[in-house]
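Structure, as structure tokens:
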Amino acid sequence: MSEPTGPVGGKDLWDKLAIVMAPLGGLLTAIAVGSLGFFGSRALEQQQSSEAKLRLYSELMSRREESEATLRKEMFQSIIGSFFDQSASSVDVRLLKLELLAQNFHEALNMTPLFLHLRREIVSLASTPRERRLYEDRLSDLAREVTRKQMIVLEAGGRRHDWTVLLSDSLLAGTTSTQLEDVTQTLDGVERRFRVTVLRADTAQRELRIGLEIDTKGGAGQAEAESGRASIEFDVGFFSSPMIDNTRLSSDQRVGIVLTDMNEFGASLSLVYFPGSRASLREKPYYEDILRKLAEPVAP
């Protein structure tokens with residue numbers, strides 16, 4: 001018989017390596033398990049800490065909004081309740097109250113009736129022409145400041161176009177009209193052409209009679225019935241606010257005309273075309289507009 005080639009009763013190289021590596025493998029396994037537990041626990045703690053901070057921030061913001069809403073409600077009730085008490089306040093005091101209302105609630109409240117009411121009082125005020133003029137200028141400056149703030153918000157999400165209108169004698173008399181240059185604007189894939197015609201001008205009241213034609217050419221995802229032409233006539237003055245005094249269009253969009261300046265020689269007009277989300281807080285979208293937006297595919 002042939003004799004074995006390896007050593008009898010001895011251990012070869014692999015056996016020796018297995019003896020050496022066995023405790024080392026256990027040590028590495030223990031280190032890996034410990035490291036996994038440490039980093040996992042640390043990641044979990046960081047996640048819990050971030051969630052706690054987020055909940056705290058949300059709670060603080062909710063309380064802040066609730067406190068602000070309560071303050072605004074009490075402020076509104078106090079001012080509007082005393083605004084029409086003519087026996088308890090002068091025109092100067094009520095003008096101050098209107099300034100407080102306009103500066104704090106111009107995005108939610110239609111201020112035009114209040115402006116017109118106070119202007120009628122100023123005109124019939126038993127005072128000198130200079131004092132009445134100062135009150136009227138103060139009222140007009142306040143209305144224009146409200147319009148300026150609203151235009152900043154609307155322009156950020158929409159489109160704007162400006163015109164300069166020369167006021168002729170025939171336009172002041174209402175015998176002729178002035179058609180302005182057509183403007184075409186595209187917003188959210190919907191293209192519309194706007195044609196503005198100045199029908200009459202009133203420099204005493206600082207108002208213009210406007211004819212607006214809207215030609216909708218449609219866009220991607222827009223129903224065929226939403227395309228077409230519409231026309232409307234309205235008066236625009238310093239007391240008209242674009243967030244509220246606007247024309248509702250299809251696809252939850254709006255268009256407004258703003259009178260930014262006017263004198264006996266000319267006037268400055270601006271058209272602002274903007275999405276309904278930028279409109280006044282008092283305006284709500286139609287249900288079909290909400291359903292259409294929900295059905296739109298989400299952009300990647």
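Tell me the residue from L125, L142, L118 that is in a loop (DSSP other than H, G, I, E, B) and either out of contact with any Phe, Trp or Tyr (no Cβ under 7 Å at 6 or more places or on another chain) or farther than 30 Å from G276 by Cβ (or both), please.
After ruling out the rest, the residue left standing is L125.
Only one of these conditions is not met by E107: (1) farther than 19 Å from D245 by Cα; (2) of a type in the set (D, E); (3) touching a helix residue (DSSP H, G or I) at 6+ places or on another chain (Cβ under 9 Å); (4) not in a helix (DSSP H, G or I). Which number is it?
Checking E107 against (1) farther than 19 Å from D245 by Cα; (2) of a type in the set (D, E); (3) touching a helix residue (DSSP H, G or I) at 6+ places or on another chain (Cβ under 9 Å); (4) not in a helix (DSSP H, G or I), the one that fails is (1).
List the residue pairs whose Cβ atoms are under 6 Å apart, where the first residue sits in region 238-252 and is over 18 Å from V153 (Cβ atoms), the second is acidic (D, E) and not in a loop (DSSP other than H, G, I, E, B), and the two are 6 or more positions apart or on different chains.
Qualifying pairs under 6 Å: S250/E226.
Among the residues of region 170-210, which ones are among the hydrophobic types (A, V, I, L, M, F, W, C) and touching a helix residue (DSSP H, G or I) at 6+ places or on another chain (Cβ under 7 Å)? Break it down into steps so the answer makes sense when it comes.
Within region 170-210, the subset among the hydrophobic types (A, V, I, L, M, F, W, C) is 171-173, 180, 183, 187, 190, 194, 196, 198-199, 201, 204, 208, 210.
Matches in region 170-210: V198, A201.
Hey, which of the strands (runs of 3 or more DSSP E) in region 165-219, taking only ones fully inside, have at least 1 residues that are of a type in the set (F, W, Y) and under 14 Å from V272 (Cα atoms)? It would help to see each step written out before you state the result.
On the way: elements: 183-187, 190-202, 207-218.
Filter on region 165-219 gives 190-202.
Can you tell me which residue among L166, L109, L187 is closer than 25 Å to D261 by Cβ, at pLDDT 85 or above and either among the hydrophobic types (A, V, I, L, M, F, W, C) or out of contact with any Phe, Trp or Tyr (no Cβ under 9 Å at 6 or more places or on another chain) (or both)? Give the steps one after another, and end with the answer.
On the way: L109 fails: at pLDDT 85 or above; L187 fails: closer than 25 Å to D261 by Cβ.
Unique residue meeting the criteria: L166.
With the requirement that a residue be part of a loop (DSSP other than H, G, I, E, B) and out of contact with any Lys or Arg (no Cβ under 9 Å at 6 or more places or on another chain), what does region 243-262 give you? If you could, list the steps in order and put the result at the bottom.
Going through region 243-262, the residues part of a loop (DSSP other than H, G, I, E, B) turn out to be 243-246, 250-252.
Residues satisfying the conditions are D245, S250.
Which members of region 164-215 meet the condition of being surrounded by 15 or more Cβ atoms within 10 Å (Cβ to Cβ), of a type in the set (D, E, K, R) and touching a residue at least 40 places away in the same chain (Cβ under 8 Å)?
Within region 164-215, R192, R206, E207 qualify.
Exactly one condition in (1) surrounded by 12 or more Cβ atoms within 10 Å (Cβ to Cβ); (2) under 23 Å from the mean Cα position of the chain (by Cα); (3) not hydrophobic (A, V, I, L, M, F, W, C) is false for E136; which is it?
Here E136 clears every test but (2).
When the residues of region 252-275 are filtered to those that are out of contact with any Ser or Thr (no Cβ under 8 Å at 6 or more places or on another chain) and not aliphatic (A, V, I, L, M), which remaining residue is farthest from Q150 (Cα to Cα)? Spell out how you get there, then give the answer.
Step one: filter region 252-275 for residues out of contact with any Ser or Thr (no Cβ under 8 Å at 6 or more places or on another chain), giving 253, 265, 271-275.
Next, from what is left, pick out any that are not aliphatic (A, V, I, L, M): 253, 265, 273-275.
Working: Q253: 16, F265: 26, Y273: 13, F274: 12, P275: 13 Å.
Taking the candidates together, the pick is F265.
Among the residues of region 110-151, write down those that are closer than 20 Å to I80 by Cα, of a type in the set (D, E, K, R) and out of contact with any helix residue (DSSP H, G or I) (no Cβ under 9 Å at 6 or more places or on another chain).
Result: R120, single match.
Restricting region 201-218 to residues that are farther than 29 Å from N263 by Cβ and out of contact with any Leu (no Cβ under 9 Å at 6 or more places or on another chain), which is modelled with the highest pLDDT?
Applying the filter and picking the extreme gives D215.
Considering only region 138-159, I want to know if a residue exists there that is within 21 Å of S280 (Cβ to Cβ) and of a type in the set (S, T, N, Q).
Yes.
The values are calculated or read from the model by the stated rules, or taken from the named source; none is laboratory data. Worth saying up front: this structure is predicted, and the values here are computed from it rather than measured. Quick reminder, even Gly has a Cβ in these numbers, built from the backbone with ideal geometry, and neighbours come from all protein chains shown.
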